[in-house]
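Only the coordinates and a few stated rules stand behind these numbers; no lab work does. Bear in mind the structure is a predicted one, so any value in this text is a computation, not a measurement. No Cβ is skipped: glycine too gets one built from the backbone with ideal geometry, and neighbour counts run over all protein chains shown.
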Amino acid sequence: MTDLTSTLPRRQFLRGQFLKTLQTEQVKQQGFQVIRPPWADLANFSQKCTACSRCIDVCEMHILVKGESGYPEVDFTQGRKECSFCQACVNVCEEAVFRPTTESPWEHKVAIQENCLAKKNVECRSCQDSCEGRAIRFHRQLGKSPMPEVNLNSCNGCGACISVCPTHAIVVMHNE
């Protein structure tokens with residue numbers, strides 16, 4: 001139980017979100033750690049962001065939402081369910097809360113869990129078809145369905161593969 005409580009924020013624990021049935025779709029896909037807009041300077045974000053919501057208003061994919069704390073966060077269950085890295089959120093912001101867009105937009109990647117259809121020997125390649133960066137590839141195996149593999153160097157964490165998975169087997173993996 002101590003391992004679970006170390007990764008679960010106290011508020012979510014007290015709300016009973018250690019039970020999968022009480023978790024929101026966002027938490028099931030993205031975990032408990034909040035994902036800030038791309039290129040957000042996480043070290044200074046909560047001190048410098050004024051929570052004005054301009055970045056939320058200009059998000060062309062409509063995945064930026066006002067979080068519980070009032071600050072913008074990414075929710076891959078909203079809008080078009082992926083980030084296009086259009087940089088509109090960076091350009092509209094008047095505060096110094098973003099890093100240069102020449103850097104990587106964020107550190108999270110995706111992972112494929114055991115409930116993937118391919119791992120149950122059922123042919124499905126919806127995640128590969130939606131991955132513009134071709135970070136998800138399927139490798140053929142003799143007598144089995146092709147198995148998915150995520151190339152973490154190619155994955156940009158855009159989230160396009162998450163919503164198309166029929167078994168919700170793709171989740172955000174946070175690098176800490």
Q: If a/c stays under 1.5 just call it rounded; otherwise compare a/b with b/c (prolate if a/b is bigger, oblate if not). Do that for the stretch 25-123, with a ≥ b ≥ c from the square roots of the Cα gyration tensor eigenvalues.
A: prolate
(Q) So for the stretch 47-126, averaging the separation of alpha carbon pairs under 8 Å that are six or more residues apart and normalising by length, what relative contact order in percent results? (A) 26 percent
Q | For Met173, distant residues with modelled amide H under 5 Å away | A | Lys109, Val110, Ala111
**Q.** Segment Lys144-His168, length gained on full extension (0.36 nm per residue, minus Cα span)
**A.** 6.5 nm
**Q.** Viscosity 1.306 mPa s, temperature 10 °C, Stokes-Einstein D of the stretch 72-162 from Kirkwood C-alpha radius, µm²/s
**A.** 106 µm²/s
Q: Starting from the Cα of Ala43, step 7 Å along the direction of its Cβ; do the same at Gln87; then give the gap between the two resulting points in nm.
A: 2.3 nm
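Using the Cα gyration tensor of the stretch 52-110, with a ≥ b ≥ c the square roots of its eigenvalues, what is the shape: rounded (a/c below 1.5), prolate (a/b larger than b/c) or oblate (neither)?
rounded
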Q) Based on the Kirkwood radius over alpha-carbon pairs, what is the Stokes-Einstein translational diffusion coefficient of the stretch 117-176 at 25 °C with 0.890 mPa s viscosity, in µm²/s? A) 204 µm²/s
Q) What order do you get for 134-144, 70-80 when each peptide is scored by the mean count of other beta carbon atoms within 10 Å, highest first? A) 70-80, 134-144
Q: List the residues whose amide H sits under 5 Å from the amide H of Phe98, counting only those 5 or more places along or on another chain, with H placed 1.01 Å from N in the peptide plane.
A: Asp41
**Q.** the stretch 101-107 - phi-based ³J(HN,Hα) in whole Hz, Karplus 6.51/-1.76/1.60, Gly and Pro as x
**A.** 6, 6, 7, 5, x, 6, 9
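Please give the charge dipole size of the stretch 107-176, origin at the Cα centre, charges +1 on K and R Cβ atoms and -1 on D and E Cβ atoms. Round to the nearest 20 debye.
It works out to roughly 320 debye.
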